[in-house]
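To keep things clear, I will list the structure first and then write my remarks on it.
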Amino acid sequence: MIMTVTNGRPGTAMQSFTHFLSNQEIESVVDFVRLEFMKNRAINTRYHTAENGWPRHERYIDAYPFALGDLPLDTPDQELTKSQKAGKARFLSSCISCHDRAKVNNEGAIWEPRAVSFPRSNYSHRGSLTSTKLDGMSGATPYAVHDIAPVTNELNMQERNGERLFQKNCAFCHGADGTGKNWIGSFLEPHPRNLTNATFMMSMPRSRLKERIKNGIPYSSMPAWKGVLTDREIESIIAYISRVFHQISKSDDG
Ligand code: HEC
Ligand code: HEC
């Protein structure tokens, strides 16, 4: 800095000050700039000033520690005082757009191992079942094969009916092949149950399966079907899945 003030910067408006200031004066003005503006960060170096359109910014002081990174944003709420909690709420609503998350203790996973977004527009999860052609990306995914229903010729009337009902109502989440490894299924948390899984299917008596389908599963996306499908229709679906996907428990009570 002393050299710049002494010699100026060629090609810029910064000229040499040797005509006006002694070496000692140059040194003291540089010391002043360094102490006042760079070290003590004088008020006029701040961004949130009235002149910049931020009058009385100190009223948001409870959010400062989060903006300055003095208090990590993921500090558990129990460890925060009442005013720090208010500051965190304020920071999250009014400051984070510019200040990002300032500082966190735990960076978390950089890349989620599971899908966390939703299918992009125009994606057809049933592309292979309808005549709609899969686009290049959908066709290349490992999901598409799970949207193809098993071909079975030996179904009785009830199972045939169940096939139609399953493919219409359940395949969207469980996959046309019942595995739940289709596109939508892989986005749901928890994943739809794999209805081809031997351990699961063999543990399910007909009555329990029916009860689950009728009433759905709380805290999951498995809907209750009792208002949509009749008992007979649900029985047809069970007949179909236990014939085509995997046999269910024989120890039946109903
Ligand atoms: C429009 C963008 C923007 C918003 C919104 C914003 N800030 Fe800032 N803030 C800045 C910038 C730019 C700086 C200067 C950063 C630097 O000098 O490195 C800054 C600096 C600060 C500083 C350091 C002292 C200063 O004034 O330079 C504090 C404290 C601060 N912000 C708090 C907050 C709080 C609290 C909020 C929410 C109420 C907030 N900021 C909202 C852009 C913003
Ligand atoms: C919107 C998505 C969705 C649809 C549609 C859907 N399911 Fe599910 N299903 C799920 C999810 C998710 C689970 C896993 C819930 C869990 O494990 O907590 C599940 C679980 C199940 C289970 C396992 C029950 C158990 O006890 O673990 C069966 C059986 C089942 N579904 C059958 C069906 C049938 C039959 C249909 C159509 C009538 C259907 N599902 C439609 C999402 C769906």
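When only residues in region 229-254 that are exposed (fewer than 14 other Cβ atoms within 10 Å of the Cβ) and touching a helix residue (DSSP H, G or I) at 6+ places or on another chain (Cβ under 7 Å) count, which is farthest from residue 205 (Cα to Cα)? The qualifying residue farthest from residue 205 (Cα to Cα) is 247.
Quick one: count up the residues across region 65-102 that are in a helix (DSSP H, G or I), among the hydroxyl-bearing types (Ser, Thr, Tyr) and modelled with pLDDT of 95 or more. Steps first, answer last, please.
Pass one, region 65-102, residues in a helix (DSSP H, G or I): 65-67, 77-79, 82-99.
Keeping just the survivors that are among the hydroxyl-bearing types (Ser, Thr, Tyr) gives 83, 93-94, 97.
Remaining after also requiring modelled with pLDDT of 95 or more: 83.
Adding up the residues that qualify gives 1.
For region 30-64, a residue qualifies if it is modelled with pLDDT of 90 or more and small (Gly, Ala, Ser), and exactly one does: 63. Within region 93-106, residues that are assigned by TED's automatic domain parsing to the domain that holds residue 77 reach partners that are within 6 Å of ligand 1 (Cβ to nearest atom) and of a type in the set (Gly, Ala, Ser) with beta carbons closer than 8 Å, at six or more positions or on different chains, in the pairs 94/63; 95/63; 95/67; 99/67; 102/67.
In region 29-58, which residue that is surrounded by 12 or more Cβ atoms within 10 Å (Cβ to Cβ) and more than 29 Å from residue 90 (Cα to Cα) is farthest from the chain's Cα centre (by Cα)? Top of the filtered list is 29. Here region 8-29 is the region considered, the condition is being modelled with pLDDT under 95 and of a type in the set (Val, Ile, Thr), and the residue that is nearest to ligand 1 (Cβ to nearest atom) is 12. Of all residues in region 71-109, those satisfying the criterion of being farther than 20 Å from residue 57 by Cβ and of a type in the set (Val, Ile, Thr) are 75, 81, 104.
The lone criterion from (1) modelled with pLDDT of 90 or more; (2) over 25 Å from the mean Cα position of the chain (by Cα) left unmet by residue 127 is number (1).
Can you work out which of the residues in region 223-245 that are of a type in the set (Phe, Trp, Tyr) and either within 16 Å of ligand 1 (Cβ to nearest atom) or not in a helix (DSSP H, G or I) (or both) is nearest to residue 153 (Cα to Cα)?
So the residue we want is 245.
Of the residues making up region 158-172, not a single one is without any contact (Cβ under 8 Å) to a residue 60 or more places away in the chain and not in a helix (DSSP H, G or I).
Only residues that are surrounded by 17 or more Cβ atoms within 10 Å (Cβ to Cβ), free of Cβ contacts under 8 Å to residues at least 40 places away in the same chain and part of a loop (DSSP other than H, G, I, E, B) were counted in region 178-221, giving 7.
The values are calculated or read from the model by the stated rules, or taken from the named source; none is laboratory data. These figures come from a predicted structure and were not determined experimentally. Methodologically, a virtual Cβ is constructed for each residue, glycine included, from the backbone with ideal geometry; neighbour enumeration extends over all protein chains shown.
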